[in-house]
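The structure appears right after this line, and notes come after that.
The values are calculated or read from the model by the stated rules, or taken from the named source; none is laboratory data. Note that the structure is a prediction, hence the values are computed from the model and not measured. As a convention, Cβ positions derive from the backbone with ideal geometry for all residues, glycine included, and neighbour counts pool all protein chains shown.
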Amino acid sequence: MTRGNEKKDIFIDDYDRERYLGILLKTKDKMKFDIYAYCLMNNHVHLLIKEYDENLSEVMHSLNMNYARFFNNKYDRVGHLFQGRYKSEIIDTLNYLLTVTRYIHNNPVKAKVVKRPNQYKWSSYSCYLEKSIDNKIVTTDFVLGIFSEDLADARDRFISFSNIVTDDTVMDIEDDKGKIKTKEEALEYIIHLLRSNGMSLDDLYTKTRQIKGTIIERIIYELKEKSTLSYNDLSKLLKVSKSTINRILKH
């Protein structure tokens, strides 16, 4: 999630929203990632992204920088448009993926902008109902496939699921207070944890899997709870594959 600086609006009119989606599409074409859902609110944006080789930090930096440049030029302003670093969290189960998708599409409902998610123009909800130009941005097959292999049935189930009234709280802006948000902070935490176990950073990178396996698992578990880093960030810090991280967190 990305929020406007001081919670100020980052979209003034529909052209701003169209421009943001255009920049998002260009960023997606340039960098390798999928988008499962999005929602543009007046002062913040929700994106549900599946990353591959690209670092999520680089994706968001490119997206936010290019949109901020457009916005500042259009409105003759200077300074930061967005409030600090974007907020992210790891989605490690299919159930939570569906919960986050529903939460994103119902953000305008929660804000009392509309009564139903299908009434809001600036989200990816309509992409799940029929073919549209926005499907160049959004990958719908994976989420719909969770509901059913039959497309019509999957869409019916998706609509029913999306309209369930819940008190889902996902990515609330206050949730990451005190959390580790950068790779530099995470590295300091890792070094401290290693020292408390009589190990160094070199040990983590050079010792055999049997010796370092338990400590790596502990680091992964703790950073998942105490940081907002992505799988890609953890993979680079610990020099283990994203599939290994995913396997450890599923146990």
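Here are some notes:
- Filter pass, MET41 being over 17 Å from GLU89 (Cβ atoms), in contact (Cβ under 8 Å) with a residue 12 or more places away in the chain and not assigned by TED's automatic domain parsing to the domain that holds VAL143: yes
- The single condition among (1) surrounded by 14 or more Cβ atoms within 10 Å (Cβ to Cβ); (2) of a type in the set (A, V, I, L, M); (3) over 14 Å from the mean Cα position of the chain (by Cα); (4) not in a helix (DSSP H, G or I) that VAL78 does not satisfy is (1).
- Within the stretch 60-88, considering residues that are basic (Lys, Arg) and in contact (Cβ under 8 Å) with a residue 40 or more places away in the chain, the one nearest to MET1 (Cα to Cα): LYS87
- Any hit, the stretch 90-100, residues being hydroxyl-bearing (Ser, Thr, Tyr) and crowded, with 18+ Cβ neighbours inside 10 Å: no
- For the stretch 17-27, the criterion of being part of a loop (DSSP other than H, G, I, E, B), outside the structural domain of ASN106 (by TED's automatic domain parsing) and aromatic (Phe, Trp, Tyr) is met by none of the residues.
- Candidates are the residues of the stretch 18-31 that are more than 22 Å from ASN106 (Cα to Cα) and in contact with a helix residue (DSSP H, G or I) (Cβ under 7 Å, 6 or more places away or on another chain); the one that is surrounded by the most Cβ atoms within 10 Å (Cβ to Cβ) is THR27.
- Check on GLU51, buried (at least 17 other Cβ atoms within 10 Å of the Cβ), touching a residue at least 40 places away in the same chain (Cβ under 8 Å) and charged (D, E, K, R): yes
- Filter result for HIS105 (closer than 20 Å to ILE49 by Cβ and touching a helix residue (DSSP H, G or I) at 6+ places or on another chain (Cβ under 7 Å)): yes
- Residue in the stretch 57-67 that is outside any loop (DSSP other than H, G, I, E, B) and farther than 21 Å from LYS28 by Cα present: no
- Taken over the stretch 94-112, the criterion of being touching a residue at least 40 places away in the same chain (Cβ under 8 Å) and assigned to a loop (DSSP other than H, G, I, E, B) is satisfied by ASN106, ALA111.
- Of the candidates SER57, SER88, SER62, the single residue that is closer than 23 Å to ARG102 by Cα and of a type in the set (S, T, N, Q) is SER88.
A quick yes/no check of all residues on (1) among the polar types (S, T, N, Q); (2) modelled with pLDDT of 85 or more:
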site	(1), (2)
GLY178	no, no
LEU237	no, yes
SER243	yes, no
ILE248	no, no
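- Lone qualifier among LYS112, LYS121 - being under 24 Å from GLY22 (Cβ atoms) and outside the structural domain of ILE12 (by TED's automatic domain parsing): LYS121
- Among (1) part of a loop (DSSP other than H, G, I, E, B); (2) under 13 Å from the mean Cα position of the chain (by Cα); (3) surrounded by fewer than 17 Cβ atoms within 10 Å (Cβ to Cβ), the one test that ASP34 misses: (1)
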